[in-house]
Amino acid sequence: MQENSIKFIIIHPILIALYPVFFIYSQNIHLILIQGIIFPVLIILGITIVMWTITRSILKNTRKSALLTSLFVFLFFSYGHVFNILESNSNQEYSFLIHTFLLITYALITIFSTYYLVKTPTKLNNITTLANVISITLVSFVLFNIGTTNFENFSAYQDEIQPPIVLENDFENLPDIYYIVLDEYAPLRTLNMFYDYDNSHFIKFLQERGFFVTKNSHSNYAQTFLATASTLNMKNVNFLSDIVGKESLDQRIPYEMISNNIVMKNFKGIGYEIYNFDSGWWGTRNLQISDVNLCSKNQNMDFHTLYKLKETSILRVFDIFIKDPSAKIFHQERRDRILCQFDDITKIKDGAEKPVFVFMHVMAPHDPYVFGPDGEEVNYKYTFGPTGNAYLDPNEEKIAYVNQLTYLTKILEETIESLQENSDNAPVIIIQSDTGPNIGLSDTTTELQQTSRMSIFNAYYFPNEEYDLLYDDITPVNSFRVVFDSQFQTNYGVVEDKIFFSTYEKPYTLIELNDLQILN
C-alpha cells in the first residue's frame, strides 16, 4: 500500500507552474539575477495552489483536480508562445485573426478536457505518472542549464588588488562627488546628425555653470555592463573575453566588478559615505559596497521577468482590446523610479555628516519611453532593451527618444543647479552617458552606426575649475583617474583611450575601433 502511494505522489501542478519562470530566467540569465524570479515564483505558486485546492474541494478527487490544475496552468502559459510562432509566419495585420483562432481552439481544449477528466471513471494512474515524468523532465532540464551556467567561469576570475589611494594632504573639507550616468544619452553631434535635434542650449547651460564639456568623447565599450565595470574600476576589461569566452552572454563577473568597484573602495577608504540609486537594471540595483541604496521600493522585483511572463501567457490576448494593457503598470514603475532618483539626489546632503560619493544610473533616455517632452505620460508599447524598438517604426522611435531626452535634460538642469547652490562645499559632478543610442536606420552605414553607439555625452565640474588634465576625447576609463589626480593629488595617470565595439548578441567579441567617423 505504501509503495502504491509513493508511486502516485502528485507534483506535476507545482512543477508545471514553476517551469515558465525557470525557463524565462534560463533564457535571460545574462540579464537578471536569480533573486529577480522570487516574486513571480511566489505569486504563480500561490495562485496554482489555491486553484488546486478549490478544484479538489469541488471534485473530491486529488488526481483529477491536479490534472485540471496542470492543464489550466499549461494552457495559460503556452498561449503566448503559440501566438508568437503563428504571428512570426504571417503579417502583423492578421494578429486579430490569430488571437480569434487560438481563443476558440484553447476554449475547446479546455471544455472537452475538463469534461473528460470530470466524467471519466478511470483512476487516471497512467496519465498522472506521465504528467509527473514530463514535468520533472522539463524542470530538471531547465535547472540543469541554469546550474551549468551559474557554475561555469566563476572560479576562473580573480580581480587584481589595487591599493587604495592615500591622501598626501589632510583634507578637512572633502568635496562631495556626484556621478550621474544617463543611459544612451547622445552627444550634440549625434543628436544633430541622426535626430535633427539641437541640444546646444544644454551645452551652453553647463559651460555657464563652470563645466568642462568634451567635444569628441567615446565609450570604451558598447555594452553597459562592460562600460560601467571599466569606468568604476579605472581599467580596460578585455581580459573578460578570455575568462568567459567570446561567445558568452554571461554578465555576472562585470556585475561583481560594479558591485565592489575600486572607485567606491577608494572613496570609502578616505571617509566617504557611498550612495547608490536602484536603476531598475540588475547591474546597478543594489551595490554591495554602497552604504545606502535609494529608490529601491521594488528592489526584489524584476519587471523584465514579469513582462516576459505576461507576453508568453494568455494575458497577451488583451492586446486585442487595449493597446498593451500592461504598459501603464510598467510605464508608471519606470516613471516613478526616475522621478525618485532626481528628487532624492538633491536631498542626500540634508542628513549626511560625512562627505558623500553618489552614483546615480538613470535608465533614460534609453527605452522604454515613458516621458513626453514636458514630463507627461506617453502611450508607447512597453519595450525592453535592444529588441524593444522593433515595436516602433524608426520615425516614431526617433520622436520618442528626443522627447524623453528633452524632459530628462530639463530635470537634469534643475538638479545641477540644486547640487551646486545648496552644498556647503562645491561638489565634483560628472555627467556621462554609458553608450550612445542604437541607430537602426536602414540607410545608415555600419561605420556610422558604430560611431553613434560609441559616441557619448561627457561633462565634468571641478570646484576649482582647473581642467588641465581633461581633454576633448577622454574616455570614461580615465574619468576617475583624472578626478583622483586633479582633486586628491594622487598619481594614477591616464591609460590609453581605447574604444571597443561589440554587439548585444556577442558582447565579448570585441573589435577595436581606431578611426571612427567624426560626426559634424
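The values are calculated or read from the model by the stated rules, or taken from the named source; none is laboratory data. This is a predicted model, so every value here is computed, not measured. Neighbour counts are summed over all protein chains in view; Cβ atoms, including those assigned to glycine, are modelled from backbone coordinates with ideal geometry.
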Exercise. When you look at Phe96, is it touching a helix residue (DSSP H, G or I) at 6+ places or on another chain (Cβ under 7 Å), farther than 30 Å from Ile253 by Cβ and either at pLDDT below 90 or not assigned by TED's automatic domain parsing to the domain that holds Met51 (or both), yes or no?
Worked result: yes
Problem set entry | Considering residues of the range 59-86 that are assigned to a helix (DSSP H, G or I) and of a type in the set (D, E, K, R) only, the residue farthest from Pro121 (Cα to Cα) | Arg63
Problem set entry | Given (1) over 22 Å from Asp367 (Cα atoms); (2) in contact with a Phe, Trp or Tyr (Cβ under 8 Å, 6 or more places away or on another chain), number of the condition Met454 does not satisfy | (1)
Problem set entry | Residue in the range 219-253 that is surrounded by the fewest Cβ atoms within 10 Å (Cβ to Cβ), counting only those that are outside any loop (DSSP other than H, G, I, E, B) and touching an Asp or Glu at 6+ places or on another chain (Cβ under 7 Å) | Val244
Exercise. From the residues in the range 176-218 that are more than 24 Å from Ile399 (Cα to Cα) and among the small types (Gly, Ala, Ser), which one is surrounded by the most Cβ atoms within 10 Å (Cβ to Cβ)?
Worked result: Ser217
For this session: For Thr312, work out the one condition from (1) farther than 30 Å from Thr100 by Cα; (2) surrounded by 21 or more Cβ atoms within 10 Å (Cβ to Cβ); (3) of a type outside the set (D, E, K, R) it doesn't fulfil.
Result: (1)
Exercise. Since Ser486 meets every condition but one in (1) assigned to a helix (DSSP H, G or I); (2) farther than 25 Å from Gly269 by Cβ, which condition does it not meet?
Worked result: (2)
Exercise. So Ser57 fits all but one of (1) modelled with pLDDT under 90; (2) farther than 23 Å from Val133 by Cβ; what number is the exception?
Worked result: (1)
